[in-house]
Structures are given as structure tokens and as C-alpha cells.
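Visitor: Supplied in C-alpha cells, the structure appears directly below.
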Amino acid sequence: MSKELIIRHCSPTLAGLKTGSIFNCFYESEDELNMQIDIWNNDLSLKGVKITLLRKSGEKALLYVYRPKKLENDLAQADAKKFLMCHGYSSCNVQDCIEILSNKLIDCEEFPHEIGLFLGYPLSDIKAFITNKGKNFKCVGCWKVYFNECEAMKIFAKYKKCTNVYCKMFTQGASILKLTVAA
């Protein structure tokens, strides 16, 4: 798991703009992967960010970088709770939900649609994606947008700018810890 991958895929989360991000990385040994995740968690937890393994497949790991407090707030919304309950989540506790999501990812090859909640996507767009079977969207960026196209485009631009700035700062020697905004 390289620092560059984390910067490239998780900058908006590190900056506090986004609830969570996911990315795949290759690993050579499970022990090494787990040790690396522990090291990152020791450092990033000081800033309110956590990394967890969602799924392993062959020599590839799907990692989730997130802000636990932000995720807790997102999942505590009445509509989000109801949505999760309808999709097999018996609890809205953050750790329980991540475990259920992880199990769903392990059991099927496709991403469960509710993963958008864990990434900070609008619930209205997640529901519309399901209803429309991924079609009839107004625009696409980090997610397929069905409502509030102008607002979504602003968010996409903000995420892109953040990633560009973070990548540049990283190549100039800034550490991930320095680039991570405290919660």
C-alpha cells in the first residue's frame, strides 16, 4: 500500500471534504498488509481518520479510508437508517455497518449500492441509481447524479482540485500526516 495511492484516491477524505474513499492495492503477504494498516491507523487516528480492509481477492485488497465521526453522522440520519435497514443492516453502529458492508463485498462481486452512503454520496442519488438501474442520470463524476446537478458538479470540482493540490504537495515532500486535516 503506497503513500501515493492513498494521496491519489483519498485526498478529499484526508482533507475532511468527504466521508470516505475506497481503493484497491496489491499486497505480497497478509501479515505485511495488516501491519501496514495498523501503522497507518496509529498515525491517522490522531487526525480522525481510519483505514480498514473491506475485502481481499487474490493479491489485491480493497481498503476503506474514512472519518468515523463523519460516517457516524451520515448513518445517523433517519433516511439513511431506514435505507440501511431495508438493505440488510441490523444496526446503524459504524463498526457493525462496516462489517456488514465488508461481508457483502466478500460474498458478491458487485458493489452493493449502499456503499455510496459510506463514501458520502447523496442518498437521493443512491436511491435514484437503484430505481433507474444506473441509467437516466444527469451527469457523472464520483457518482451518477440524478438530482442537484449544479451542486454535484461543484463538489466534483472541489474533490478534483483537492486531489491535484495534495498530489503536488506530496511530490514536493509533504507527508500524508501533514496533509491530513484534524477532525
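The values are calculated or read from the model by the stated rules, or taken from the named source; none is laboratory data. Values in this document were obtained by computation on a predicted structure and should not be read as measured data. Don't worry about glycine lacking a Cβ; one is built from the backbone with ideal geometry, like all the others, and counts go over all protein chains shown.
Visitor: Output the number of the condition that Met153 fails; it satisfies all remaining conditions of (1) under 30 Å from Asn41 (Cα atoms); (2) modelled with pLDDT of 95 or more; (3) in contact with a strand residue (DSSP E or B) (Cβ under 9 Å, 6 or more places away or on another chain).
Guide: Status for Met153: all satisfied but (1).
Visitor: Then there is this: Quick one: which residue in Val65, Val49 is in contact with a Gly (Cβ under 7 Å, 6 or more places away or on another chain) and buried (at least 18 other Cβ atoms within 10 Å of the Cβ)?
Guide: Val65
Visitor: Then there's this: If we scan region 61-83, do we find a residue that is more than 21 Å from Asn93 (Cα to Cα) and out of contact with any Lys or Arg (no Cβ under 8 Å at 6 or more places or on another chain)?
Guide: Within region 61-83, none of the residues are more than 21 Å from Asn93 (Cα to Cα) and out of contact with any Lys or Arg (no Cβ under 8 Å at 6 or more places or on another chain).
Visitor: Which residues, taken from region 77-126, are over 17 Å from Tyr146 (Cα atoms), of a type in the set (S, T, N, Q) and out of contact with any Leu (no Cβ under 6 Å at 6 or more places or on another chain)?
Guide: Passing the criteria: Gln77, Ser90, Ser91, Asn93, Gln95, Asn103.
Visitor: Would you point out which residue out of Asn42, Asn93, Asn103, Asn24 is under 22 Å from Cys142 (Cα atoms), surrounded by fewer than 16 Cβ atoms within 10 Å (Cβ to Cβ) and of a type outside the set (Gly, Ala, Ser)?
Guide: Only one candidate passes the filter, namely Asn24.
Visitor: Same structure again: I need every pair where a residue in region 63-91 that is acidic (Asp, Glu) has its Cβ under 9 Å from the Cβ of a residue that is surrounded by fewer than 21 Cβ atoms within 10 Å (Cβ to Cβ) and in a loop (DSSP other than H, G, I, E, B), sequence separation at least 6 or different chains.
Guide: Cβ pairs passing all conditions: Glu72/Cys92; Glu72/Asn93.
Visitor: Which residues, counting only those in region 120-160, are part of a loop (DSSP other than H, G, I, E, B), in contact with a helix residue (DSSP H, G or I) (Cβ under 9 Å, 6 or more places away or on another chain) and not basic (Lys, Arg)?
Guide: Gly120, Tyr121, Pro122, Asn136, Phe137, Gly141, Cys142, Trp143, Tyr146, Phe147, Asn148, listed by residue number.
Visitor: Only one residue in Gly116, Gly134, Gly120 is touching a strand residue (DSSP E or B) at 6+ places or on another chain (Cβ under 9 Å), surrounded by 19 or more Cβ atoms within 10 Å (Cβ to Cβ) and either among the polar types (S, T, N, Q) or within 28 Å of Cys97 (Cα to Cα) (or both), so which one is that?
Guide: Going through Gly116, Gly134, Gly120 in turn, the sole match is Gly120.
Visitor: Which residue pairs have Cβ atoms closer than 7 Å, lie 6 or more positions apart in sequence or on different chains, and pair a first residue in region 162-183 that is within 9 Å of Leu14 (Cα to Cα) and touching a residue at least 24 places away in the same chain (Cβ under 8 Å) with a second residue that is part of a loop (DSSP other than H, G, I, E, B) and not acidic (Asp, Glu)?
Guide: Within 7 Å, the pairs are Thr180/Val49; Val181/Ala15; Val181/Gly16; Ala182/Gly48.
Visitor: Okay, next question. State whether one or more residues within region 64-78 are more than 12 Å from the chain's Cα centre (by Cα), at pLDDT below 95 and of a type outside the set (A, V, I, L, M, F, W, C).
Guide: Among the residues of region 64-78, not one is more than 12 Å from the chain's Cα centre (by Cα), at pLDDT below 95 and of a type outside the set (A, V, I, L, M, F, W, C), which makes the answer no.
Visitor: Looking at region 137-152, which of the residues that are under 20 Å from Phe118 (Cα atoms) and not aromatic (Phe, Trp, Tyr) is surrounded by the most Cβ atoms within 10 Å (Cβ to Cβ)?
Guide: Looking at residues that are under 20 Å from Phe118 (Cα atoms) and not aromatic (Phe, Trp, Tyr), I get Val145.
Visitor: For region 11-68, give me every one of the strands (runs of 3 or more DSSP E) that falls completely inside it and has 3 or more residues that are touching a helix residue (DSSP H, G or I) at 6+ places or on another chain (Cβ under 7 Å) and over 23 Å from Ile155 (Cβ atoms). Give the steps one after another, and end with the answer.
Guide: Values: elements: 20-26, 50-57, 60-66.
Passing ranges, in order: 50-57.
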